[in-house]
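**Student:** Pasting a structure below so you can have a look.
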């Protein structure tokens with residue numbers, strides 16, 4: 001459930017862009033009204049409307065996530081705070097300058113921020129966040145936890161580079177689809193692959 005909750009802004013971004021792409025003129029009018037209400041001007045080409053509307057909706061969705069958790073008295077984890085800060089900054093620049101380059105960089109900045117957090121926590125604070133996320137439910141040797149942590153760091157680095165490649169070598173529509181299906185799909189595959197490795201190791205330990 002948490003995985004799906006974390007992906008709400010991505011789903012919202014995709015849905016808003018897809019709807020906006022079907023009717024750019026109506027989307028342009030709606031987006032201009034919304035941006036005007038925020039003091040960001042009302043002038044924008046119709047072709048920019050879908051990505052700007054999607055960006056605005058993603059910002060609102062992320063703020064809504066944090067607000068929902070705070071109202072229920074639940075802890076907002078560091079990753080969500082990082083995500084909120086990045087979407088507000090990169091999304092805000094996209095809306096202010098009418099330049100989708102900023103929002104296209106957002107997933108890369110987020111991936112690299114996650115990777116850097118894992119790496120810095122391990123090197124500077126001697127805390128393995130991947131191990132901490134299991135809450136003691138899995139017992140593994142320290143060397144294996146180190147490998148798992150580094151593998152996630154490498155994965156986030158790779159995903160950041162891949163996002164930039166797709167964003168600036170394919171159409172905007174293709175990038176939006178990749179952002180949801182490609183990013184989510186690769187992460188699920190990577191997590192499942194790690195699960196297979198862990199299950200084999202746990203089976204070996206149980207036999208011993």
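Bear in mind that the values in this text are calculations on the coordinates, not laboratory data. Every value quoted in this text rests on a predicted model; they were computed, and no experiment measured them. Every residue, glycine among them, receives a Cβ derived from its backbone with ideal geometry; neighbour counts consider all protein chains shown.
**Student:** Each label point is 7 Å from the Cα along the Cα-to-Cβ direction; what then is the distance between the points at residue 74 and residue 29, in nm?
**Tutor:** Modelled inter-label distance: 3.9 nm.
**Student:** Taking the Cα atoms only, what angle lies between the long axis of helix 8-22 and the longest principal axis of the chain, rounded to 10 degrees?
**Tutor:** So the inclination is approximately 30 degrees.
**Student:** How would 55, 101 line up from fewest to most surrounding beta-carbon atoms within 10 angstrom? Before the final figure, lay out the partial values.
**Tutor:** Working: 55 25, 101 12.
Going from sparsest to densest Cβ surroundings: 101, 55.
**Student:** If one computes the Cα centroid of region 169-203 and of region 67-134, what distance in Å separates the two points?
**Tutor:** Going from one Cα centre to the other spans 18 Å.
**Student:** Cα convex hull of region 1-98: mean projected area in nm², to one decimal? Write out the running numbers ahead of the final one.
**Tutor:** Values: hull surface 25.5 nm².
Across all orientations, region 1-98 yields a mean hull projection of 6.4 nm².
**Student:** Mind running the shape call on the chain? Use the C-alpha gyration tensor, a ≥ b ≥ c as the square roots of the eigenvalues: rounded below 1.5 for a/c, prolate if a/b tops b/c, oblate otherwise.
**Tutor:** Values: a/c = 2.49, a/b = 2.06, b/c = 1.21.
It comes out prolate by the Cα gyration axes.
**Student:** Can you sort 171, 121 from fewest to most other Cβ atoms within 10 Å of each residue's own Cβ? Mind showing how you got there, number by number?
**Tutor:** Values: 171 9, 121 17.
So the ranking, lowest neighbour count to highest, is 171, 121.
**Student:** Roughly what percent of Cα-Cα pairs across region 128-187 reach past 18 Å? Let's see the in-between values first.
**Tutor:** Values: 864 of 1770 pairs.
Pairs farther apart than 18 Å: 49 percent.
**Student:** So what is the calculated 222 nm ellipticity per residue for the chain, using -39500 (n - 2.57) for each DSSP H run with n of 4 or more, over all residues, to the nearest 500 deg cm²/dmol? Before the final figure, lay out the partial values.
**Tutor:** Details: 10 runs with 165 residues, N = 208.
Counting only the DSSP helices, I get -26500 deg cm²/dmol.
**Student:** May I ask you to derive the relative contact order of the chain, considering only C-alpha pairs under 8 Å and at least 6 residues apart, and to give it as an integer percent? Walk me through the numbers before you get to the answer.
**Tutor:** Values: 182 pairs, mean separation 35.3, N = 208.
Value for the chain: 17 percent.
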